[in-house]
1. For the chain, taking Cα atoms only, what is the radius of gyration to one decimal and the Dmax to the nearest whole Å?
2. Could you work out [θ]222 nm for the chain from helices alone, using -39500 (n - 2.57) per DSSP H run of at least four and dividing by all its residues? Round to the nearest 500 deg cm²/dmol.
3. On a full-extension model of 0.36 nm per residue, what is the gain between residue 12 and residue 26, subtracting their alpha-carbon distance, rounded to one decimal in nm?
4. Under 14 Å from a label point 7 Å along Cα→Cβ of residue 39: give me every residue in region 4-22 with its amide N that close.
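We did not get these values from a lab; they are worked out from the coordinates using the rules stated. Here the structure is a predicted model, which means the values were calculated and not measured. So basically every Cβ, Gly included, is an ideal-geometry build from the backbone, and we count neighbours across all protein chains shown.
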């Protein structure tokens, strides 16, 4: 019996977070996206909230 193996791909971009689900033949089955958290300037550095990224990634993975 063959094992079914899916792969989840996450793209944590600066404007959009994307999740894709690939089958065991490496074909993309599903692609979902949500807006990324806002980037803030802090003493000349670009800063974004890692916990917000995690929350959005969890939402996308749940839908995959």
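1. My reading of the Cα-based Rg and Dmax gives 14.9, 57 Å.
2. -7000 deg cm²/dmol
3. 3.0 nm is the gain from fully extending residue 12 to residue 26.
4. 12-17
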